[in-house]
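Report on the structure given below.
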Amino acid sequence: MRIASFQGRSDLLGDVDVTVPDGLVAVVGRDDRPLREIEALLRRALVPEDEATDDGGVVAGLQGSLPRDAAEARDLATIWTGPTSLEPTDVFASLSSVLARLRGGARISQALDLLQVSSPSLDGPDDGEGGGEEERRVLRERLWKLEDAPDLLTRLEGELADLRGDHAEAAGDEEAGTMAWLRERQDAETHLQAYRDRARELKVRLSQLEASGAETPCPMCGRVLEEHFSAVVDTLREEWESVVQDGSWWKRRREQLELKPEPLQEIEVRVVRLQAATEDWAERVERARARTQELGEVRRRLGLDGLRPEGSEAALDGPGREAGHAVAAALRAVRADLEAECRAALLEAGSRTVYRLSGGRVLGLSEADPGLLRLEGVEGPLRMPAEEDRAAVVLALRLAAARELAASGGGRLGSLVVSAPFDRLDKERQLRVVDELRDLSRHAQVLLLTRGRVVDAYPEAFDAVLEILSDPDRNPGRAPSMRWLAAGVGEIEIR
């Protein structure tokens, strides 16, 4: 299934009647609003039963039939247009689960549903709140997705505790370093002032001696210096020069301490980053806690309170109990193995891709704990990755998932829509992503929704470029329109 055309009229997009070719196609919008509208339009076309606002009459024409199963259509749309979250860990979890279902996990779940129909107690007693079979099927599917929530919450809470400990330690180092720097600066200021006072005092004495000559009384004993005059003057001058030299050193030292030392600045940066990472991890903990609470509610509605999903099978009666127990356990084991295989494949492919996209800054991805994605750098895990690194990971995972589906999906990939994270990358990484999309376009149609900077820099990479014209400042009230721009490798006629 691929995008064949955009047709219709809307207040935002104007009159639209364009045919979308195969290959790598850039949809350029200098304004974010029409790009968001196109993206929403594509998602509604791929999953028509999803609730959405009216698109004003513009429709996306599709070539090929949508899957008959609504759940499969939603899973394919997750690959086509991407998960709604842009958090790397969430994207990894979503895409790996989708790949597992598309590669047979959905059929295993259907088999478990059929087993439940014949042996209802396999999934616990019905307390009357579960509704019909369809609702119970949806609840059991959700139960599968949420099974790791308690373990994930425990791991994230441990990570958060470690981060808070590191932050407290770094904050202590910052405070101690700041106090030491202030003490050193004050000490340098005190020494400098003392040497300045001593230099002024010696200068005054020298001036007085030189003005009075040999008849000057000795400042210590009061006797006239006479033949000792020159020796006393030389002694005072040498002492004054020594004081001036030492004072110059303390002046330079004070100037060096005007700005915070570089190690202290590095500690301050580390404190800020740890604070940001702590807040980010706290949000993840809250999400995991909400998922854990949702798991409890789903278990309650399925009548599994106080029971493991597998343990509820012991409630079966009759001659089919042992057989039902064995079949259900085997199906769940196969499904778990399939999901683990898809996670490993996506992790490996995503690691290779993000290494290329980041230019080696991110060496790869790891999952030290299930459900927690790590970005590996030269010196170990990147605990506080930059926004561009996170965007590169999201795109790498999407490209890796698309390749996995293209390799094993029996032609179900069709098209791929790339949008939001792309424009967060710098120019060099955008060019690398375009090269990856160009390679993928040999297997599927690729639509890149972008603000257009990369198209200006690399027009020869695209098979077609569709520009959405929008200039509300110069043309108030005028709806945007679309036009094709020159793309691909140019031709020169030699005569």
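Examine the range 102-116 for a residue that is more than 19 Å from the chain's Cα centre (by Cα), buried (at least 17 other Cβ atoms within 10 Å of the Cβ), at pLDDT below 80 and of a type in the set (Lys, Arg), and state whether such a residue exists.
No, the range 102-116 contains no residue that is more than 19 Å from the chain's Cα centre (by Cα), buried (at least 17 other Cβ atoms within 10 Å of the Cβ), at pLDDT below 80 and of a type in the set (Lys, Arg).
For the list (1) in a loop (DSSP other than H, G, I, E, B); (2) under 14 Å from the mean Cα position of the chain (by Cα), I need the number of the one condition that Glu388 fails.
(1)
Starting from the range 87-109, keep only residues that are closer than 23 Å to Arg287 by Cα and free of Cβ contacts under 8 Å to residues at least 60 places away in the same chain, then list their pairs with residues that are hydroxyl-bearing (Ser, Thr, Tyr) and in a helix (DSSP H, G or I) whose Cβ atoms are within a distance under 9 Å, requiring at least 6 positions of separation or different chains.
Pairs that qualify, where the first residue is closer than 23 Å to Arg287 by Cα and free of Cβ contacts under 8 Å to residues at least 60 places away in the same chain and the partner is hydroxyl-bearing (Ser, Thr, Tyr) and in a helix (DSSP H, G or I), are Ser94/Thr78.
All but one of (1) within 28 Å of the chain's Cα centre (by Cα); (2) modelled with pLDDT of 90 or more hold for Ala464; state the number of the condition that does not hold.
Evaluating Ala464 over (1) within 28 Å of the chain's Cα centre (by Cα); (2) modelled with pLDDT of 90 or more leaves (1) as the failure.
For the range 163-212, give me each residue that is touching a helix residue (DSSP H, G or I) at 6+ places or on another chain (Cβ under 7 Å) and either over 25 Å from Gln245 (Cβ atoms) or not assigned by TED's automatic domain parsing to the domain that holds Asp246 (or both).
Leu163, Arg164, Asp166, His167, Ala170, Ala171, Asp173, Glu174, Gly177, Thr178, Trp181
Out of the range 26-40, which residues are touching a residue at least 60 places away in the same chain (Cβ under 8 Å), closer than 17 Å to Ser415 by Cα and either β-branched (Val, Ile, Thr) or part of a helix (DSSP H, G or I) (or both)?
Within the range 26-40, Val27, Ile38, Glu39 meet the criteria.
Residue by residue, here is whether (1) of a type in the set (Gly, Ala, Ser); (2) closer than 17 Å to Thr81 by Cα holds:
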| residue | (1), (2) |
| --- | --- |
| Leu373 | no, no |
| Glu404 | no, yes |
| Ser415 | yes, yes |
| Pro421 | no, yes |
| Leu448 | no, yes |
| Arg451 | no, no |
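Taking the range 420-470 only, how many residues are under 14 Å from Ala402 (Cβ atoms) and not in a helix (DSSP H, G or I)?
Within the range 420-470, residues that are under 14 Å from Ala402 (Cβ atoms) and not in a helix (DSSP H, G or I) number 8.
Determine the pairs where a residue that is within 17 Å of Arg2 (Cα to Cα), located within the range 403-421, has a partner that is modelled with pLDDT under 80 with Cβ atoms under 6 Å apart, the partner being 6 or more residues away or on another chain.
Listed by first residue and then by second, the contacts come to Gly414/Met1.
Does Ala400 meet the test of being buried (at least 20 other Cβ atoms within 10 Å of the Cβ) and either outside any loop (DSSP other than H, G, I, E, B) or acidic (Asp, Glu) (or both)?
For Ala400, the condition - buried (at least 20 other Cβ atoms within 10 Å of the Cβ) and either outside any loop (DSSP other than H, G, I, E, B) or acidic (Asp, Glu) (or both) - is met.
Before we move on, is Gln265 more than 22 Å from Gln193 (Cβ to Cβ) and modelled with pLDDT of 70 or more?
Against the criterion (more than 22 Å from Gln193 (Cβ to Cβ) and modelled with pLDDT of 70 or more), Gln265 qualifies.
Residue-by-condition table, conditions (1) at pLDDT 90 or above; (2) closer than 21 Å to Arg74 by Cβ; (3) among the aliphatic types (A, V, I, L, M):
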position: Gly371; (1), (2), (3): no, no, no
position: Glu388; (1), (2), (3): no, no, no
position: Ala400; (1), (2), (3): yes, yes, yes
position: Ala406; (1), (2), (3): no, yes, yes
position: Gln445; (1), (2), (3): yes, yes, no
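Name the residue, out of Ala290, Ala314, that is modelled with pLDDT under 80, among the small types (Gly, Ala, Ser), at negative phi and out of contact with any Lys or Arg (no Cβ under 8 Å at 6 or more places or on another chain).
Among Ala290, Ala314, only Ala314 is modelled with pLDDT under 80, among the small types (Gly, Ala, Ser), at negative phi and out of contact with any Lys or Arg (no Cβ under 8 Å at 6 or more places or on another chain).
Could you say which residue among Ala391, Ala407, Ala329 is within 30 Å of Val20 (Cβ to Cβ), outside the structural domain of Asp22 (by TED's automatic domain parsing) and in contact with a helix residue (DSSP H, G or I) (Cβ under 8 Å, 6 or more places away or on another chain)?
Ala391
The values are calculated or read from the model by the stated rules, or taken from the named source; none is laboratory data. The structure displayed is predicted, hence computed values, not measured ones. Every residue, glycine among them, receives a Cβ derived from its backbone with ideal geometry; neighbour counts consider all protein chains shown.
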